[in-house]
Amino acid sequence: MTETKRYSKIMRYIWNDAKFRALSWNAKGVFLFVLTHPNITSIGALRATVTGLAEERAYDLQREAFADAFGEALDKGLLEYDPEACLIIAPNYPKHNKPQSINVVKGWANSIELLPECELLSAHINRLKALTNAMPLAFRHAFTLDKRTQEQEQKQEQNVKTPTPLKEESPKGEKLKKEKGIPEPKEYTDLPEFFQDVQFFAQWQEYETMRRQKKKPYTAIGRRRGLAKLWKLSGQDIAKATELVDGATEHQWLSFFKPDNGRGVNQNDPQGILCTGETEEEDTP
């Protein structure tokens, strides 16, 4: 059984930080002990007391000395502590351990659920919001999804209910200018309901960026047709739809192609890596 290992980043330039340098050696040790504690969460907080932590280090530091050293870190603002809620926070921890994916941000909800509610935690949550606000849009959306919302979405995905299909193309003889298109989405909620997924939206933004770089940006009508084709090829599976968009972005395709285990060749994929041989006419303004 593979054990999941957790890591904390500690920048080497911590030794250049004025607040850290001003600490005594005992206080430096206590601060580093908190940063690397086995129970610290991904948001830099842990449910603990100073007395309890002192007991863990009683073999190399007396309890009174530990409390004094902890107090130094508090005075410098390197640590925060609510003794009534039994909550200890390293306020700069998230800044130096920035999330590398939106899944990490979604996991913050699990960490917050394990911590006692108090004003100190609320203030730290506001720090996390400020951090994600400076990151790409998908990270901000991921943080707004609390655990209850995630559970509700998972239950909805498990329902056998089939979503209403998108029209793949206009009825025969109808002029394109009369067809309702889909403008470029700025938020994931701007997409049709089936595609309103944070991970899909992040990948879709990369795909649209690739098209613009190739000077082939979507028109509103073209975007609707592309999403309709994606809905069909994915078998109404949002995870598969996300993979198809990822493949199209990686290979710089202007359309989407369903994997066929090597059968068939497409002009956009002469080596037959991913696509079936199905082609789609390019959208023109």
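The values are calculated or read from the model by the stated rules, or taken from the named source; none is laboratory data. All figures in this text were calculated on a predicted structure; none of them were measured in a lab. Quick reminder, even Gly has a Cβ in these numbers, built from the backbone with ideal geometry, and neighbours come from all protein chains shown.
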Taking helices (runs of 4 or more DSSP H) that fall entirely within region 59-132, which contain at least 2 residues that are under 24 Å from Val30 (Cβ atoms) and under 21 Å from the mean Cα position of the chain (by Cα)? 93-96
Total residues in region 54-84, condition in contact with a strand residue (DSSP E or B) (Cβ under 8 Å, 6 or more places away or on another chain) and not charged (D, E, K, R): 4
Evaluate the following for Leu32: is it in the same structural domain as Arg127 (by TED's automatic domain parsing) and surrounded by 20 or more Cβ atoms within 10 Å (Cβ to Cβ)? no
How many residues does region 206-236 hold that are assigned to a helix (DSSP H, G or I), touching a Phe, Trp or Tyr at 6+ places or on another chain (Cβ under 9 Å) and in contact (Cβ under 8 Å) with a residue 60 or more places away in the chain? 3
Have a look at Gln199, Gln213, Gln205, Gln267 and point out the one that is under 26 Å from the mean Cα position of the chain (by Cα), among the polar types (S, T, N, Q) and at pLDDT below 80. Gln199
Meets criteria (in contact with a helix residue (DSSP H, G or I) (Cβ under 7 Å, 6 or more places away or on another chain) and surrounded by 14 or more Cβ atoms within 10 Å (Cβ to Cβ)) for Asp82: yes
Give the residue that is surrounded by the fewest Cβ atoms within 10 Å (Cβ to Cβ), with candidates limited to residues of region 55-77 that are without any contact (Cβ under 8 Å) to a residue 24 or more places away in the chain and over 17 Å from Ala90 (Cα atoms). Tyr59
